[in-house]
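Trainee: I am attaching a structure below and will ask some questions about it afterwards.
The values are calculated or read from the model by the stated rules, or taken from the named source; none is laboratory data. Keep in mind the model is a prediction, meaning the values are calculated, not measured. Here Cβ is always computed from backbone atoms with ideal geometry, including for glycine, and neighbour counts include all displayed protein chains.
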């Protein structure tokens, strides 16, 4: 293949990617532009295939550092776009605790877990600022496009610090298609103020991923 043909092919691929991304952005903005939690009636839209162009599941979870045998907290899983793969990554010796404010979302998630014969993920209806978990019982926690929907973010982060083990990881992914997008500087400030230290930041299409660790002595 000549250089010119390669450039044309690359330009075409970029154009297709841009078009798919734009379609997904428009879909999200049209449905959820009002902000706040996505209604349960539209929860399955979060499983739309176009989402993987913005938030690929396994690469995202790999940056969160999930390990076999760990107890992982997923706050705001919705219908479980990330849950199934997270459960596979922690393996039979680990577990994923799926806490969501909306009971209906967890019902959708339970259906998907049953269909895929996943037994190490557990659903709990709970608020982010009042986690029904013991102190220091979680190895890692992650939130994807969820933090901006929480009214009292400092309280939620303090709760996450409480339930995480010493040195535990807290990870976030944010995408500009989310009407409740949290900017990187705001997230860093919030986490530092509540006892976390930044570990790693990486980019993703139209957004970022960021991982923190419970700060020593906090």
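Trainee: Residue by residue through the range 147-201, note down the ones that are part of a strand (DSSP E or B), under 15 Å from the mean Cα position of the chain (by Cα) and surrounded by fewer than 19 Cβ atoms within 10 Å (Cβ to Cβ).
Mentor: 201
Trainee: Which numbered condition trips up residue 208, out of (1) out of contact with any helix residue (DSSP H, G or I) (no Cβ under 9 Å at 6 or more places or on another chain); (2) closer than 28 Å to residue 52 by Cβ?
Mentor: Unmet for residue 208, out of (1) out of contact with any helix residue (DSSP H, G or I) (no Cβ under 9 Å at 6 or more places or on another chain); (2) closer than 28 Å to residue 52 by Cβ: (1).
Trainee: Another question, if that's okay. I want to confirm something. Restricting to the range 32-51 and keeping residues that are touching a helix residue (DSSP H, G or I) at 6+ places or on another chain (Cβ under 6 Å) and surrounded by 16 or more Cβ atoms within 10 Å (Cβ to Cβ), which single residue is modelled with the lowest pLDDT?
Mentor: 43
Trainee: Of the residues that make up the range 52-60, is at least one over 17 Å from residue 147 (Cβ atoms), at pLDDT 95 or above, over 11 Å from the mean Cα position of the chain (by Cα) and in a helix (DSSP H, G or I)?
Mentor: no
Trainee: Just to be sure before I move on: is residue 173 modelled with pLDDT under 95 and closer than 16 Å to residue 74 by Cβ in the structure I sent?
Mentor: No, not satisfied.
Trainee: State all residues of the range 190-216 that are more than 23 Å from residue 136 (Cα to Cα) and without any contact (Cβ under 8 Å) to a residue 24 or more places away in the chain; if no residue qualifies, say none.
Mentor: Initial filter on the range 190-216 (more than 23 Å from residue 136 (Cα to Cα)): 201-209.
Within the range 190-216, 201, 203 meet the criteria.
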